[in-house]
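Engineer: Below you will find the structure I want to go over with you.
The values are calculated or read from the model by the stated rules, or taken from the named source; none is laboratory data. Predicted model only: the values in this text are computed from it and were never measured. We place every Cβ from the backbone using ideal geometry, glycine too, and count neighbours over all the protein chains shown. We work out accessible area using only protein heavy atoms, side chains counted, and drop any ligands, DNA or RNA first. Shrake-Rupley method; radii C 1.70, N 1.55, O 1.52, S 1.80 Å.
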Amino acid sequence: MDKRVYKQLNETLYKEVLPNGLTVYLLPKADYHKTYGLFSTNYGSIDNEFVPLGKKDYIKVPDGIAHFLEHKLFEKEDGDVFQKFGEQGASANAFTSFTRTSYLFSTTDQLELNLTTLLDFVQEPYFTEASVQKEQGIIGQEIQMYQDDPNWQQFFGIINNLYPKHPVHIDIAGTIESISQITADDLYTCYETFYHPSNMTLFVIGNLEPEQLMAVIRQNQAGKKFKPAEPIKRRYPQETAADIVTESQKQMAVTIPKAILGIKGLDALPADDRERLRFKVALDLLFQLLLGNTSQNYLQLYNEGLLDDSFGFEFSLDRGFYFADFGGDTEQPEALVTRLTAILENFATDRELTTENLELLKKKRLGKYFQSLNSLEFIANQFTSSLFGEWTLFDLPEIIDSITIKDVLTAGKAFIKPEAFSRFYMLEEK
């Protein structure tokens, strides 16, 4: 096992890549009673066009299949895995994002037994046409629930504007029509391609003994057979700034209109892992300086009645795409978006962008960061979603501390381009 010590954080991380390609991370936390395990595959809703394992030609599978597969893995011939975890004193869950599917458990007892259960149920698929048809109805109800959620529809409304061709604009669960086309064979094809150990990561954090637990994991994996690993070939539609839909709207049963402004990342991200992470942190700090709830811009918009406590923003950087969105409830949707656009386009001369304000914000950011390290779930989820090579969640203090006002301005100039803007309105149904 490789051992990496983070002295500033008083953390020791253990890492090993097993012969079958599975990457394992163990993080002992002796003062905790609970242990948390997360088993993830680098596979999500956008991966709907690919070359199956052992094949040569690209295929396209129905939208929502990654999420569907996540649901079906919990159902086995001899019963439901949730019940098994419950009998072993653990709770389990799973989630699918645009680029990742994760299975998790938390427990205060029988760690080795529950970890073995996690590994076994994810690595032993069981799909039948009958069970697939039953699941189509269940997930169809889930899709309908999200179709009735204005906030969810607003989020995908702006993504659809920014990425009209890329599958990131499609709901993670797919559509009722698309999931009706999923077959058991489709599930096995996706599973064999994307659930190979070489495309997966196991992260365990909590009250554990690294050598002892790693021995359990090694033994478990050595007893299973997998096809030889191959590089996964994915394919996505190509897009340019000209494809961006600059404005659209939707009517729903809302009492207050919603407005959201989006910015699409157009340039290639830095190739260097550390610089890519610094780019992300610099933009996070820039948006917080400009529109955080203590900024002058936010207070002015609030006092003018253009926004309320529902206002928020997010910068998303993931495999193959990155974008920012800003919005919330407002009685004056067009006026709010116009003002937000002006603030962002003129960021370089904004009064908030000073070294003094940046240093204060960095201290606040570090304070929240150290507080968040009390959560095992936060550490596991953030760590396994890293897109920055060997630079991990535990390197963030050094990265944050290194950011200067020049870095913030440089990142802003690289990202904020007038041709990359789009606006989406959610209006009251008439």
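Engineer: Per DSSP H run of n ≥ 4, the term is -39500 (n - 2.57); total these for the chain, divide by its residue number, and report the mean residue ellipticity at 222 nm rounded to 500 deg cm²/dmol.
Structural biologist: Working: 15 runs with 173 residues, N = 430.
Counting only the DSSP helices, I get -12500 deg cm²/dmol.
Engineer: If you don't mind, another one. Over region 1-101, what is the mean sequence separation of C-alpha contacts under 8 Å (at least six apart), divided by residue count, expressed as relative contact order in percent? Before the final figure, lay out each step's value.
Structural biologist: Values: 108 pairs, mean separation 23.0, N = 101.
In percent, rounded to a whole number, it is 23.
Engineer: What is the helix-to-structure angle for 210-222, meaning the angle in degrees between its Cα long axis and the longest Cα principal axis of the chain, kept from 0 to 90 and rounded to the nearest 10?
Structural biologist: 70
Engineer: For the chain, which span is the longest to avoid every loop-located (per DSSP) member of chymotrypsin sites (Phe, Trp or Tyr not before Pro) having at most 16 other Cβ atoms inside 10 Å? Don't skip to the answer; put the middle values down first.
Structural biologist: Values: sites that count: Tyr32, Tyr58, Tyr126, Phe226.
Here the longest run is 227-430.
Engineer: For region 152-221, count the residues as N, evaluate 2.2 N^0.38 Å, and divide the Cα radius of gyration by that value, please. Let's see the in-between values first.
Structural biologist: Details: Rg = 19.1 Å, N = 70, 2.2 N^0.38 = 11.1 Å.
Rounded to two decimals, the normalised Rg is 1.72.
Engineer: Please give the per residue accessible area of region 179-243, computed with a probe of 1.4 Å over protein heavy atoms only, in Å². Intermediate values should be presented prior to the final figure.
Structural biologist: Details: 3340 Å² over 65 residues.
Solvent-accessible surface per residue comes out at 51 Å².
Engineer: Quick one: what does P(r) look like for the chain with 20 Å bins over all Cα pairs, in whole %?
Structural biologist: P(r) over the chain, rounded to whole percents: 23, 55, 22, 0.
Engineer: Return the loop-located GluC sites (Glu not before Pro) in region 256-337 (DSSP other than H, G, I, E, B) with at most 13 other Cβ atoms within 10 Å of their own Cβ; answer none if there are none.
Structural biologist: Working: sites: Glu275, Glu304, Glu314, Glu331, Glu334; in loops: Glu304, Glu331.
Of the GluC sites (Glu not before Pro), the ones in loops of region 256-337 whose Cβ has at most 13 other Cβ atoms within 10 Å are Glu304, Glu331.
Engineer: OK, next. Tell me the label-point distance for the pair Ala229, Gln212, using the 7 Å Cα-to-Cβ offset, in nm and rounded to one decimal.
Structural biologist: With each label placed 7 Å out from Cα toward Cβ, I get 2.9 nm.
Engineer: Now for a different question. Could you give the length gained by full extension between Gln181 and Gln251, i.e. 0.36 nm per residue of separation minus their alpha carbon distance, to one decimal place? Before the final figure, lay out each step's value.
Structural biologist: On the way: separation 70, 0.36 × 70 = 25.20 nm, distance 2.89 nm.
The span from Gln181 to Gln251 would gain 22.3 nm if fully extended.
Engineer: Considering the convex hull of the alpha carbon atoms of region 193-239, report its projected area averaged over all viewing directions, in nm², one decimal.
Structural biologist: Numbers: hull surface 21.7 nm².
That works out to 5.4 nm², a quarter of the Cα hull's surface.
Engineer: Using a Förster distance of 35 angstrom, determine the FRET efficiency expected from the C-beta separation of Ile59 and Asn151, and round it to 0.05.
Structural biologist: Values: r = 34 Å, r/R0 = 0.97.
Efficiency, from the Cβ-Cβ distance: 0.55.
Engineer: Okay, next question. How much accessible area per residue does region 1-157 have, in Å², with a 1.4 Å probe?
Structural biologist: Details: 7150 Å² over 157 residues.
I get 46 Å² per residue for region 1-157.
Engineer: May I ask you to give the percent of accessible area on region 35-151 that is carbon plus sulfur, with a probe radius of 1.4 Å?
Structural biologist: On the way: 2270 of 4850 Å².
Accessible surface attributable to carbon and sulfur in region 35-151 totals 47 percent.
Engineer: Right, here's the next one. Enumerate by residue number the trypsin sites (Lys or Arg not before Pro) in region 348-412 meeting two conditions: DSSP loop (anything except H, G, I, E, B), and at most 16 other Cβ atoms within 10 Å of the site's Cβ.
Structural biologist: Details: sites: Arg351, Lys362, Lys363, Lys364, Arg365, Lys368, Lys406; in loops: Arg351.
Those satisfying the criteria are Arg351.
Engineer: While we're here: In terms of Cα to Cα distance under 30 Å, which lysines are near enough to Lys84, apart from those fewer than 8 places away along the same chain?
Structural biologist: Straight-distance partners of Lys84: Lys15, Lys29, Lys34, Lys72, Lys76, Lys134, Lys224, Lys225, Lys227.
Engineer: Let me ask another. Determine the alpha carbon to alpha carbon distance for each of Lys280/Lys368; Lys55/Lys233; Lys3/Lys280; Lys264/Lys417 and list only those over 20 Å. Don't skip to the end; give the middle numbers.
Structural biologist: On the way: Lys280/Lys368 17 Å; Lys55/Lys233 11 Å; Lys3/Lys280 27 Å; Lys264/Lys417 9 Å.
Flagged as over cut-off: Lys3/Lys280.
Engineer: If you place +1 on the Cβ of every Lys and Arg and -1 on the Cβ of every Asp and Glu, how big does the dipole about the Cα centre of the chain come out, in debye to the nearest 20?
Structural biologist: On the way: 42 positive and 62 negative charges, 230 e Å.
Taking the Cα centre of the chain as origin, the dipole is about 1100 debye.
Engineer: Then there is this: Work from the charge dipole of the chain (Cβ charges, +1 for Lys and Arg, -1 for Asp and Glu, about the Cα centre) and give the residue of Pro228, Tyr43, Phe347 farthest towards its positive end.
Structural biologist: The residue sitting most towards the positive pole is Pro228.
Engineer: Please identify, among Gly79, Gly262, Gly328, the residue showing maximal mean-square fluctuation in a Gaussian network model of the chain using a 10 angstrom Cα cutoff.
Structural biologist: Gly79
Engineer: Evaluate the relative contact order of the chain (contact order divided by residue number), counting alpha-carbon pairs under 8 angstrom at least 6 apart; express in whole percent.
Structural biologist: On the way: 723 pairs, mean separation 92.8, N = 430.
Answer for the chain is 22 percent.
Engineer: Using the Cα gyration tensor of region 1-82, with a ≥ b ≥ c the square roots of its eigenvalues, what is the shape: rounded (a/c below 1.5), prolate (a/b larger than b/c) or oblate (neither)? If you can, show how the numbers build up before the last one.
Structural biologist: Details: a/c = 2.64, a/b = 1.70, b/c = 1.55.
Prolate, since a/c reaches 1.5 and a/b exceeds b/c.
Engineer: Roughly how compact is region 252-411, stated as its Cα Rg over 2.2 N^0.38 Å to two decimals?
Structural biologist: Values: Rg = 16.6 Å, N = 160, 2.2 N^0.38 = 15.1 Å.
Relative to the 2.2 N^0.38 Å estimate, region 252-411 comes out at 1.10.
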